[in-house]
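For reference, the structure discussed in these notes is given below.
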Amino acid sequence: MAKEYIEERDGNFYVVGTRISLDSIVHAFRRGESPETICQNFELLRLEEVYGAIAYYLANQADVDAYLIRQNEKWAEERRNAEPLPAGLRERLMRARDEMHTVF
């Protein structure tokens, strides 16, 4: 019996039993990351699950690519409709980030 590595929840695809999206695995794979590197970057995943996600992508590439395009369009729409940051908040956040990096 074949093992399932990807499941659909609420219109999105995830590695079974996790909150790690197929999107994340596919984007890393497309950037040229090896399954071993992807596994290191997602410590909750076993190497078998990473290979399973990649195999799912390769077996369903046209459908997954169409899904990823829809996801990108959805994110772009959400960014366009997002409330703007209060005045000065972005600058304060950037300063805090810079201060944090200088401490370490």
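The values are calculated or read from the model by the stated rules, or taken from the named source; none is laboratory data. Predicted model only: the values in this text are computed from it and were never measured. Please note: Cβ atoms are built from the backbone with ideal geometry, for glycine as well, and neighbour counts cover all protein chains shown.
Numbers below:
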item	result
Pair list, Cβ < 6 Å and 6+ apart or interchain, from region 13-24 residues that are farther than 16 Å from Leu47 by Cβ and at pLDDT 95 or above to residues that are buried (at least 17 other Cβ atoms within 10 Å of the Cβ) and among the β-branched types (Val, Ile, Thr)	Phe13/Ile6; Leu22/Ile6
Residue among Glu78, Glu33 that is free of Cβ contacts under 8 Å to residues at least 40 places away in the same chain, within 24 Å of Asp10 (Cα to Cα) and out of contact with any Gly (no Cβ under 6 Å at 6 or more places or on another chain)	Glu78
Filtered residues of region 28-47 (kept if of a type in the set (Gly, Ala, Ser) and surrounded by fewer than 18 Cβ atoms within 10 Å (Cβ to Cβ))	Gly32, Ser34
Condition check for Val50: part of a helix (DSSP H, G or I), surrounded by 11 or more Cβ atoms within 10 Å (Cβ to Cβ), of a type in the set (A, V, I, L, M, F, W, C) and touching a Leu at 6+ places or on another chain (Cβ under 7 Å)	no
Residue within region 7-21 that is among the charged types (D, E, K, R) and assigned to a helix (DSSP H, G or I) present	no
